[in-house]
DNA sequence: TGTATTTATGTAGTCAGCTACGTAGTTTTA
DNA sequence: TAAAACTACGTAGCTGACTACATAAATACA
């Protein structure tokens, strides 16, 4: 498809990563729609986290999903408008707001579990090539923890 | 770092791809700055393409870098404001606008070539793990050409 | 040759993340 | 125990991509 960029190799890697992420997210959207489920791919991290942890504060969720807290707050707002989650003040620390899945949220998760299984299978089939994408991501993240892109460039000869 | 999301595995892959892309792009920004070069990572695809192809129309560039034409146009606007590229009407087809690197653009590329080499080395070191990230991306893109995420999910049992 | 279609470009508005900054509780410490 | 520092949350506005729609030139065809 695209020519010069693919040939330019690794320098355009962030462009290619983003393109891939976009394509997968959009397909995810279509899949939920095809199953008649009103759900946005971007809600997944929060919903999934609350399903496993039950009750968490805003900052805990943000840390758990690896987003900044403002991004998390805007997701939480949407989810509350959809009545998928509920929030209340923490009695012991009035700064904190505690989030839980609502009844409707719980039901939605039950409805989605089999769909997630199917998506998992499809994604696994798609990405389980000679060089496994998930493994590659994890390896690169580990490498970056050791020494990031910036530091590595600085350190060249 | 983040816990539930990394454990949720492949379902959060688009989130993780995007995060990785973001981190690399931001480090790229810092690297240019550290070299005292006024250059944005997002300009790379256009500049690199024009460096190798000399003269191209808007649509040709868009296709070449794999972006939509509106995205490409807004990049071209920025680059023209920076006086890194020049544009003129195609005499033989008045719909087309032909883009080329300006003197300043040419000079900038010359200045950046050694930096790009260093970045390439750093990125290669970062990503050349057991499962090579660039190779994985290419393999997944190839798999998607055969059958996308959506079609695969639809086709399960 | 005029009309319909296609192609190239442009504009407006959306989206999913971000940073910067501000406020209000909580904890620490002099 | 009051001031300082820290933590949790919130708002505003940016960014870099997108889709949808509009317009004008070129081409095809009746």
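Rule-based calculations on the coordinates, nothing more; no lab input. Just so it is clear, the model here is predicted, and its values are computed rather than measured. Reconstructed Cβ throughout: ideal geometry from the backbone, glycine too, with neighbour counts over all protein chains shown.
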- Query: What order do you get for B:42-55, B:138-151 when each peptide is scored by the mean count of other beta carbon atoms within 10 Å, highest first?
  - Reply: B:42-55, B:138-151
- Over the stretch B:36-87, equivalent-ellipsoid semi-axes from the Cα gyration tensor in Å: 16, 12, 11
- Task: In a Gaussian network model over chain A where Cα atoms closer than 10 Å are linked, find which of A:73, A:137, A:31 has the largest mean-square fluctuation.
- Result: A:137
- Task: For chain A, find the longest principal axis of its Cα atoms and tell me its angle to the long axis of helix A:44-53, 0 to 90°, nearest 10.
- Result: 60
- Note on the structure: With Cα coordinates, the longest principal axis of chain B makes an angle with the long axis of helix B:103-127, in degrees rounded to 10, of 10
- Message: Taking R0 as 30 Å, what FRET efficiency do you get between residue A:89 and residue A:111 from their Cβ-Cβ distance, rounded to the nearest 0.05?
- Response: 0.50
- Note on the structure: With one decimal in nm and the nearest listed first, the spacings from residue B:30 to its own position in the other copies, using label points 7 Å along Cα-to-Cβ, are 3.8
- Could you pull the copy-to-copy label distances for residue B:128, with points set 7 Å along Cα to Cβ, in nm to one decimal and sorted shortest first? 2.9
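What is the stretch B:84-157 by shape, rounded, prolate or oblate, if you read a ≥ b ≥ c off the alpha carbon gyration tensor as root eigenvalues and call it rounded for a/c under 1.5, prolate for a/b larger than b/c, and oblate otherwise?
It comes out oblate by the Cα gyration axes.
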- Item | Shape of the stretch A:4-154, Cα gyration tensor, a/c cut at 1.5 | oblate
- Mind telling me which of A:86, A:19, A:118 comes out most flexible in a GNM of chain A, alpha-carbon contacts under 10 Å? A:19
- Taking chain B as the reference, fit the longest principal axis to its C-alpha atoms, fit the long axis of helix B:13-34 to the helix C-alpha atoms, and give the angle between the two in degrees, 0 to 90, nearest 10. 40
- Query: Arranged from highest to lowest average of other beta-carbon atoms within 10 Å per residue, in what order do the peptides A:60-67, B:92-99, A:127-134 appear?
  - Reply: A:60-67, A:127-134, B:92-99
- Message: With the label 7 angstrom out along Cα to Cβ, how close does residue A:107 come to the same site in each of the other copies, in nm, nearest first?
- Response: 6.8
- Task: Show that you can apply the helix-only estimate: for chain B, add -39,500 (n - 2.57) for every DSSP H stretch of four or more residues, divide by all residues, and state [θ] at 222 nm to the nearest 500.
- Result: -20500 deg cm²/dmol
- What does the convex hull of the Cα atoms of the stretch B:1-92 come to per residue, in Å³, rounded to a whole number? 128
- Using a 10 Å cut-off on Cβ to Cβ distances, tally the other chain neighbours for every residue of A:103-111 and report the average as a whole number. 0
- Determine how many Å³ per residue the convex hull of the Cα atoms of the protein assembly as shown encloses. 167
- In the Gaussian network model of chain A, springs joining C-alpha atoms below 10 Å, which of A:30, A:17, A:126 carries the largest mean-square fluctuation? A:17
